[in-house]
Structures are given as structure tokens and as C-alpha cells.
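Please read the structure below before turning to the comments.
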Amino acid sequence: HKFEIFYKLIENGTGTNELKQMKEGDTFQILGPLGKRPNLAKWQADGIEEVHLIGGGVGMAPLMFFGQALKYYSFRIKAFIGIDRIESLLFKAPLAATFGEDDPRKAYVYTDNLKSIGLNDNDIRISFEKAISDISIDIGLPGQNFFPGFVSEQYKAFLDSLNETRDILVLACGPKPMLKALEKITSEANIRMKVLLEKRMGCGIGVCMSCVCPTKKNNVEQYSRVCMEGPLFDSQDIDWEKL
């Protein structure tokens with residue numbers, strides 16, 4: 001009967017700054033869950049054995065919940081985190097409830113979550129845009145799992161090292177340029193990919209059409225509602241030129 005909302009404060013963001021102004025006792029309404037529920041059992045029936053979670057920035061956050069469900073169905077999981085700088089992963093909020101009041105251990109967003117659901121250090125890779133610092137030592141990942149550049153570049157290099165990719169599915173969420181780059185990479189490697197699309201939703205019940213995205217079904221162009229037909233889409237169904 002309890003849950004936490006963990007959000008990143010954006011300097012010029014409207015919604016996050018409104019959340020910052022809330023005080024104990026304030027209330028607001030939430031509508032959810034929205035969209036279609038993925039059929040993970042069908043993924044197994046389709047021959048998927050390993051799932052690669054690829055998140056850019058805050059796009060990694062919803063993939064955490066996918067990781068929990070995928071572990072329940074015994075999929076193998078690898079995660080690729082794209083971040084601006086390693087320091088952004090440092091979790092500075094009080095950790096007493098998680099690690100105990102006397103535990104001075106630092107915690108890191110995403111990496112600690114992934115480890116808590118069963119991923120080992122070799123299953124987690126991080127790419128970063130700005131210079132790496134000594135903080136990476138605290139995270140505990142092998143040095144070769146850090147990559148200076150875009151997460152899409154890191155993922156392509158990883159695929160080039162594999163001998164077999166038939167049983168792999170990619171789940172990606174993040175900025176559009178990242179998703180478009182991954183679509184090209186996965187298509188060339190003949191790997192299936194699904195994307196979690198992020199759209200501002202006016203109503204959440206499919207009426208206002210504010211969250212539509214361009215898609216193709218049987219070569220017919222159309223617009224699909226992220227709140228109803230999504231938020232998870234097959235990459236081949238998205239009209240990437242118009243997205």
C-alpha cells in the first residue's frame with residue numbers, strides 16, 4: 001500500500017518543479033497504469049531467451065520494472081546505461097530505509113537496482129558523455145564495462161563481439177536520436193527491438209490524441225496513441241522518419 005516517487009529535478013522543467021513545491025500533507029491525483037500489458041510468456045514462445053535493456057538518461061528508470069518481470073520469467077538480462085556523466089548516478093537521498101541507518105555506503109541509481117534483481121557486474125555497462133571520475137571505482141563494475149561515448153555506440157561494439165544473436169530482444173527507452181540509432185543497429189544485426197515511447201498525455205484514456213505517434217501497420221501509415229496502443233511498440237511498426 002506504499003510506493004515512492006523518485007524524480008530528477010529539471011532546471012526549467014514545469015512538472016518536476018511543481019513536485020518540488022509539494023509539502024507533507026499535499027495531495028494530487030494519479031491515473032494508471034496506462035497502455036497495454038506486454039505478454040512475456042509469448043516472448044518466450046517466440047524464442048526470446050535474452051533481453052537487453054538499453055536506457056538513455058531517465059529512460060532507464062522504467063526498464064527497472066521490466067527487469068523485475070523478466071527475472072521472474074527467467075530471461076537472461078544485460079543492461080546498457082547511457083548517462084551524461086558518472087556522477088549523475090550517485091543517489092544522494094537518505095538511505096536509512098534501504099541500507100540501515102549506520103551504513104555509510106554510497107548508492108547509485110540504476111546500477112544498484114539492477115544488482116538487486118540479480119544482474120551481476122559483468123551484465124551492466126555504462127556509457128558516458130563527459131570525462132569519467134574516481135566515482136566509477138565505487139560502482140564496482142569492470143573497467144571494460146565503461147565506455148566514453150553514446151550508449152548506441154557501446155551497444156554496437158558489444159554486438160560485434162557476439163557470435164549469435166538469434167535469441168535476443170532489445171528493450172529501449174530514451175531520447176529519439178538514441179532510439180533511431182539503435183533501430184538502425186538492431187535492423188542491420190537482425191535483432192528484434194521494442195521501444196518504450198515517452199509522450200506527454202493530456203487525458204490518458206485515448207480521447208485527446210495529444211500522445212499520438214506515427215506508426216505503420218501492414219504498410220499503412222497511421223497514428224497510434226501511446227496511452228492506449230503503447231507505450232511499448234515494435235520498432236518495425238514505428239515510422240522513424242516522422243517520429
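The values are calculated or read from the model by the stated rules, or taken from the named source; none is laboratory data. Treat the numbers as computed from the prediction; the structure is a model and nothing was measured. Here the Cβ is made from the backbone with ideal geometry for all residues, glycine too, and neighbour counts use every protein chain on show. Ligands, DNA and RNA are stripped out before the accessible areas are found, and what is left, the full protein with its side chains, is counted by its heavy atoms. Shrake-Rupley method; radii C 1.70, N 1.55, O 1.52, S 1.80 Å.
Side notes on the structure shown:
- Apart from one condition, residue 138 fits all of (1) touching a Ser or Thr at 6+ places or on another chain (Cβ under 8 Å); (2) modelled with pLDDT under 95; (3) of a type outside the set (A, V, I, L, M, F, W, C); (4) under 24 Å from residue 88 (Cα atoms); the exception is (1).
- Once the stretch 144-161 is narrowed to residues that are of a type outside the set (Gly, Ala, Ser) and not in a helix (DSSP H, G or I), the residue that is least open to solvent (accessible area, probe 1.4 Å) is 146.
- Any hit, the stretch 75-98, residues being over 20 Å from residue 146 (Cβ atoms) and modelled with pLDDT of 90 or more: yes
- Scanning the stretch 28-44 for residues that are closer than 12 Å to residue 75 by Cα and aliphatic (A, V, I, L, M) yields a count of 2.
- All positions within the stretch 28-46 that are of a type in the set (A, V, I, L, M, F, W, C), under 15 Å from residue 5 (Cα atoms) and free of Cβ contacts under 8 Å to residues at least 40 places away in the same chain: 28, 30
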